[in-house]
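One structure below.
The values are calculated or read from the model by the stated rules, or taken from the named source; none is laboratory data. Given the structure is predicted, the values throughout are model-derived calculations rather than measurements. Note that each Cβ is placed from the backbone with ideal geometry, even for glycine, and that neighbours are counted across all protein chains shown.
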Amino acid sequence: MSLLFNRIRQARRGAELSQSELANIVGVARSAVAQWERRDGAKPTTENMAKIAMATTVSFEWLATGRGGRWLGGDAETPAMMLNFYAQCSLEERLLLAFRTLRSPEQQPLVDFVEAMTDRA
């Protein structure tokens, strides 16, 4: 089960919203959204979490707890996470978490390196 900061990011990206766009919809500063999407960042209020859920069309329960169907109006069979988009083992999770701690300019060379390694196979 993913952590709240990750579910907020997943919901925002799934809705194809920038942090600024989500902030405008919720009625907060972009920096608040950035904080919500940090592992050690601030948590949104329940009211703001409801606004995030509505803006991104995910269920409040999934957003708040990671349980239940992810999408609003989805059936009970909808998985809370689509595993092909997220870490599937502890090694992948470690890599993903380390990647997310890098600043944007540092991420591209790492992606290039990993892609180059897969081309050798």
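Hey, could you check region 2-18 for residues that are part of a helix (DSSP H, G or I) and surrounded by fewer than 17 Cβ atoms within 10 Å (Cβ to Cβ) and say which is modelled with the lowest pLDDT? Walk me through how you get there before you give the answer.
In the first step, residues of region 2-18 are kept if they are part of a helix (DSSP H, G or I); the result is 4-14.
Remaining after also requiring surrounded by fewer than 17 Cβ atoms within 10 Å (Cβ to Cβ): 13-14.
Working: Arg13: 92, Gly14: 89.
Checking each candidate, the answer is Gly14.
Can you tell me which residue is surrounded by the fewest Cβ atoms within 10 Å (Cβ to Cβ) among those in region 34-57 that are assigned to a loop (DSSP other than H, G, I, E, B) and in contact (Cβ under 8 Å) with a residue 40 or more places away in the chain? Before you say what the answer is, go through the steps one by one.
Taking region 34-57 and keeping what is assigned to a loop (DSSP other than H, G, I, E, B), we get 37-45, 57.
Restricting the remaining residues to those that are in contact (Cβ under 8 Å) with a residue 40 or more places away in the chain gives 39, 57.
Values: Arg39: 11, Thr57: 14.
Filtering first and then ranking leaves Arg39.
How many of the residues making up region 48-71 are of a type outside the set (Lys, Arg) and either in contact with a strand residue (DSSP E or B) (Cβ under 7 Å, 6 or more places away or on another chain) or outside the structural domain of Ile8 (by TED's automatic domain parsing) (or both)? Can you show your working first?
Of the residues in region 48-71, the ones of a type outside the set (Lys, Arg) are 48-50, 52-66, 68-69, 71.
Next, only the ones that are either in contact with a strand residue (DSSP E or B) (Cβ under 7 Å, 6 or more places away or on another chain) or outside the structural domain of Ile8 (by TED's automatic domain parsing) (or both) stay: 57-59, 71.
Looking only at that region, the number is 4.
Residue check, Ala80 against (1) under 14 Å from the mean Cα position of the chain (by Cα); (2) in a loop (DSSP other than H, G, I, E, B); (3) at pLDDT 85 or above, all met but one. Which one?
(3)
Within region 19-32, count every residue that is in contact (Cβ under 8 Å) with a residue 24 or more places away in the chain and surrounded by 14 or more Cβ atoms within 10 Å (Cβ to Cβ).
Start the filter on region 19-32 by keeping residues that are in contact (Cβ under 8 Å) with a residue 24 or more places away in the chain, which leaves 22, 25-27.
Checking which are surrounded by 14 or more Cβ atoms within 10 Å (Cβ to Cβ) leaves us with 22, 25-26.
Result for region 19-32: 3.
Tally time: how many residues in region 100-121 are modelled with pLDDT of 85 or more and under 28 Å from Gly68 (Cα atoms)?
Here the count works out to 0.
Could you tell me which numbered condition Gly66 fails, if it satisfies all but one of (1) surrounded by fewer than 15 Cβ atoms within 10 Å (Cβ to Cβ); (2) at positive phi; (3) at pLDDT 85 or above?
Only one criterion is unmet by Gly66, namely (1).
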